[in-house]
Amino acid sequence: MENTYITDLLHKHFSHDILEKETGGDILTVIVTSPVIHDVIRFLKETENMNFNFLTDLCGIHYPDRGLPLGVVYHLHNLSENKRIRVKTFVTVSNPTIPTVTDLFSTANWMERETYDFYGILFEGHPNLKRILNVEYMDFFPMRKEYPLEDPTREDKDDRYFGR
Amino acid sequence: MTDILEDKQYTTLNLGPTHPATHGIFQNVLTLDGEQIIDAEQTIGYIHRAFEKIAERRPYYQITPLTDRLNYCSSPINNIGWHLTVEKLLGIKTTKRIDYMRIILMELARITDHLVCNSVIGVDSGALTGFIYVFQEREKVYEIYEEVSGARLTTNMGRIGGFERDFTPKAVQKIRAFIDHLPKVLVEFEKLLLRNRIFMDRTIGVGPISGERALNYGFTGPNLRAAGVDYDVRVMTPYSSYDDFEFVIPVGTQGDTYDRFCVRQQELWESVKLVRNALENLPEGNFHVDAPQFYLPPKEAVYSKMESLIWHFKIVMGEIDVPVGEVFHSVEGGNGELGFYLVSDGGRTPFRLHFRRPGFIYYQAYPEMIKGGVLSDAILTMSSMNVIAGELDA
Amino acid sequence: MDRTIPTYNKVEPPDGYTAPGIFATSFDKVVGIARSNSIWPLPFATSCCGIEFMATMGAHYDLGRFGAERLSFSPRQADLLMVMGTIAKKMAPVIQQVYIQMAEPRWVLAVGACASSGGIFDTYSVLQGIDRVVPVDVYVPGCPPRPEQIINGFMKIQDLVVNESLRRRYSPEYRELLASYGIM
Ligand code: SF4
């Protein structure tokens, strides 16, 4: 399957919502606006010639310097033709809502919960959106760039010795 | 599947987080009607270690030790998968010798992973003998690791662009001895379980999942193949010269515990074949690529030569330019497609690194697989899925 | 037929007074010997170190030689809590609960860097050493420690057990120690 074929078809259906496409990397990448992400994924999954029927991966990403800092990256895989595609979408920190894809892929359930846990991205329509890996009473989203990695309760570490 | 009825009394049972039969730490809250499971809810994250956050703070070669601790039953696969990802980003091409050496180590790792999983299925169905027997073999693989990398479990094997040292003659000899002896053990192990009436009664039809549901749940690896889908990353997108070899991908039909056991067992045989083939055809050549800006110079040279010392310092301090870009690379891990999604902004550390952990992804199907079954079958189903806590919680 | 008892089956008798037909020693010592050679460990294996523990239990290294053949998965009957692996903050209350459920006398062995100090995971989610929630008797370093090291740590526990006075667990210092962890 050719990259141009996919992008053309996507353009035909979601003309203005396809913000960017990049064919130079290892996998064809398209960036779409957040409201249509569910439709794009459904289109990729269910259209006859697309058939991206396997959600390999779903994860968040945070670019603190951009206008739309929080992102979600989907990796889809067409198993019969061995073609992968990467779909991205970005949202703001103040209103990080994205439609869920759990109705298309059961596997998205925990992936989205993990993304919520790490980045605080809210997946609309998710059946059970709560923290998965961290403790429930945690009040920040640890993978956002502004939060530190280190355990704040340690006193035996002197920052001066670690070049920080 | 049974629905929850209002006027009936159900038992709630806490399976975990420190239950002896859960090999690893996760909690299942089961709703039981007598012995039948009506509902299950999982809690995970009991050993969440924030790998992805750490990875954003560490230079590339320091991330290898982290990958060890993902699926610690098959650490070399994780290490090498990570190295392959970075090599993809840097555009380094490895030689055949490196590839073959990697295949040998990755297949040995697969052998240990499957040995542990299958013997534990035996233990959970009441046959401790096989476990103790095959663990002897696992020790031998650990001795090989020690010979190649110096560590037993958390191997931190190889470097970006090859290996830290070549196979020593002793290592080659140990690998040979191992693959010559393992078939005998496997035959005996299979005799013990494969056609054993009790074992078959305990496992056939237990915890089944259809191929379609398995795909929808993102299953990969032996668990998916047991459900009848022949997806294997080694064949679909060959990496590290896997396409030079011929091997069979075993598939099951029912997707139940017995099929998962058989698929893993068959893969053990294929792995033995692969190791033997790779070892026999091991090409001559260098064990690392010529990429001085990423490959750490040998220690002796660092201590005695100025040039090497400078390079060592530059690499360790991250003074090296890394291309900006993003790559996704996946390898066939012990229990499925182990993916690395790496975003680089040119800095000394990854901007973002996400691990696609197969265990995390397929464990969410567990309630669906055990509903309607009985409690003791749930334990068997769990051990046959081979959920590794380190990989589950990252 | 050779009727000498092989040495590996024999425990050295404690100090005491011997006379024809009698042997007198303190009760402490006898109990200590008995306890130290039949420790029932509770394996609290969470991650990678737990795999090395499996090797330690296996035929090759065989922890059974030290009287620890019988793993007690129930905390009520266990003497020794062996914590192997990373303990996340989510897990901390669980481990404390397990410790509380164990009957006195009880010992704790922290196996591996993670259990001892958080190890390589100085992160927001990992407990920086289990000694923040339960008192630890012996620490075993390593990431993961080799089975030999785990056995060594186990033997150190045996030393502690042999030499422990019967009154120790009633002493005010011990109660104070527990109280400092919030355990009554
Ligand atoms: S000390 Fe090392 S091997 Fe042990 S649990 Fe921690 S990371 Fe794993």
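The values are calculated or read from the model by the stated rules, or taken from the named source; none is laboratory data. Every value quoted in this text rests on a predicted model; they were computed, and no experiment measured them. Because the Cβ atoms are built from the backbone with ideal geometry, glycine has one as well, and the counts that use them run over all protein chains shown.
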Selection from the range C:37-66 of residues under 22 Å from C:A92 (Cα atoms), of a type in the set (G, A, S) and touching a Phe, Trp or Tyr at 6+ places or on another chain (Cβ under 8 Å) yields C:A45, C:S47
When every residue in the range C:137-184 that is of a type in the set (F, W, Y) and within 14 Å of the chain's Cα centre (by Cα) is compared, the one farthest from C:D79 (Cα to Cα) is C:Y139
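Quick grid of which residues meet (1) surrounded by 20 or more Cβ atoms within 10 Å (Cβ to Cβ); (2) small (G, A, S):
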{"position": "B:F178", "(1), (2)": "no, no"}
{"position": "B:L193", "(1), (2)": "yes, no"}
{"position": "B:N196", "(1), (2)": "no, no"}
{"position": "B:M200", "(1), (2)": "no, no"}
{"position": "B:T220", "(1), (2)": "yes, no"}
{"position": "B:P238", "(1), (2)": "no, no"}
{"position": "B:E246", "(1), (2)": "no, no"}
{"position": "B:G252", "(1), (2)": "yes, yes"}
{"position": "B:D259", "(1), (2)": "yes, no"}
Of those in the range C:80-132 that are of a type in the set (V, I, T) and within 11 Å of the ligand (Cβ to nearest atom), the residue nearest to C:P43 (Cα to Cα) is C:V83
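The rows are residues; the columns are (1) under 23 Å from B:L282 (Cβ atoms); (2) of a type in the set (G, A, S).
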site: B:I54; (1), (2): no, no
site: B:R57; (1), (2): no, no
site: B:Y61; (1), (2): no, no
site: B:P65; (1), (2): no, no
site: B:D68; (1), (2): no, no
site: B:G81; (1), (2): yes, yes
site: B:K93; (1), (2): yes, no
site: B:I103; (1), (2): yes, no
site: B:M106; (1), (2): yes, no
The helices (runs of 4 or more DSSP H) lying wholly within the range B:6-92 that contain at least 2 residues that are away from the ligand (no atom under 16 Å from the Cβ) are B:75-90
*Does the range C:91-106 contain at least one residue that is among the acidic types (D, E) and without any contact (Cβ under 8 Å) to a residue 24 or more places away in the chain?*
no
Filtering the range C:39-54 down to residues that are hydrophobic (A, V, I, L, M, F, W, C), out of contact with any Ser or Thr (no Cβ under 7 Å at 6 or more places or on another chain) and away from the ligand (no atom under 12 Å from the Cβ) yields C:I39, C:M54
Scanning the range B:122-141 for residues that are closer than 26 Å to B:T67 by Cβ, among the aliphatic types (A, V, I, L, M) and modelled with pLDDT under 90 gives B:V134
Scanning the range A:44-64 residue by residue, the ones that are surrounded by fewer than 20 Cβ atoms within 10 Å (Cβ to Cβ) and assigned to a helix (DSSP H, G or I) total 2
Checking B:F355, B:F294 in turn, the sole residue that is modelled with pLDDT of 90 or more, assigned by TED's automatic domain parsing to the domain that holds B:I77 and not in a helix (DSSP H, G or I) turns out to be B:F355
Note on the range B:131-151: residues of a type outside the set (F, W, Y) and under 27 Å from B:L193 (Cβ atoms) are B:I132, B:V134, B:Q136, B:E137, B:R138, B:E139, B:K140, B:V141, B:E143, B:I144
Checked the range A:32-50 for anything more than 12 Å from chain B (Cβ to nearest Cβ) and closer than 26 Å to B:V331 by Cα; matches are A:I41, A:L44, A:M50
Restricting attention to the range B:346-394, the residues that are over 30 Å from B:P323 (Cβ atoms) and either away from chain A (no Cβ under 13 Å) or charged (D, E, K, R) (or both) number exactly 20
Query raised in the report: Would a scan of the range B:216-231 turn up a residue that is among the hydroxyl-bearing types (S, T, Y), in a helix (DSSP H, G or I) and outside the structural domain of B:I38 (by TED's automatic domain parsing)?
Result: no
The residue that is nearest to the other protein chains (Cβ to nearest Cβ), considering only those in the range C:74-88 that are without any contact (Cβ under 8 Å) to a residue 40 or more places away in the chain and in contact with a strand residue (DSSP E or B) (Cβ under 7 Å, 6 or more places away or on another chain), is C:A88
Query - B:V172 vs. criteria touching a residue at least 60 places away in the same chain (Cβ under 8 Å), in the same structural domain as B:P65 (by TED's automatic domain parsing), closer than 14 Å to B:I104 by Cα and β-branched (V, I, T) - result: yes
Here the residues within the range A:72-101 that are free of Cβ contacts under 8 Å to residues at least 40 places away in the same chain and either within 11 Å of the chain's Cα centre (by Cα) or surrounded by 21 or more Cβ atoms within 10 Å (Cβ to Cβ) (or both) are A:V73, A:Y74, A:L76, A:H77, A:P96
Restricting the range B:118-169 to residues that are of a type in the set (A, V, I, L, M), more than 16 Å from the ligand (Cβ to nearest atom) and facing another protein chain (nearest Cβ under 10 Å), the one surrounded by the most Cβ atoms within 10 Å (Cβ to Cβ) turns out to be B:V134
Out of (1) within 16 Å of the ligand (Cβ to nearest atom); (2) within 14 Å of chain B (Cβ to nearest Cβ); (3) under 29 Å from B:G45 (Cβ atoms); (4) surrounded by fewer than 21 Cβ atoms within 10 Å (Cβ to Cβ), the one C:E148 does not meet is (3)
Checked against (1) at positive phi; (2) within 16 Å of the ligand (Cβ to nearest atom), C:G182 satisfies every condition except (2)
Just one listed residue, out of B:R264, B:R234, is charged (D, E, K, R), closer than 25 Å to B:G339 by Cα and touching a Pro at 6+ places or on another chain (Cβ under 9 Å), and it is B:R264
Across the range A:102-130, the tally of residues that are buried (at least 17 other Cβ atoms within 10 Å of the Cβ) and either assigned to a loop (DSSP other than H, G, I, E, B) or among the hydroxyl-bearing types (S, T, Y) (or both) stands at 12
Inspect the range B:306-321 for any residue being modelled with pLDDT of 90 or more, touching a Lys or Arg at 6+ places or on another chain (Cβ under 6 Å), away from chain A (no Cβ under 14 Å) and surrounded by fewer than 16 Cβ atoms within 10 Å (Cβ to Cβ) and give the result as yes or no. no
Among helices (runs of 4 or more DSSP H) entirely within the range C:31-143, at least 1 residues that are farther than 22 Å from B:A50 by Cα occur in C:48-57, C:92-101
Expected single match for more than 10 Å from chain B (Cβ to nearest Cβ) and modelled with pLDDT of 90 or more among A:T89, A:T153 is A:T89
- Would you mind stating whether C:K29 is over 30 Å from B:T112 (Cβ atoms), within 16 Å of the ligand (Cβ to nearest atom) and of a type outside the set (V, I, T)? no
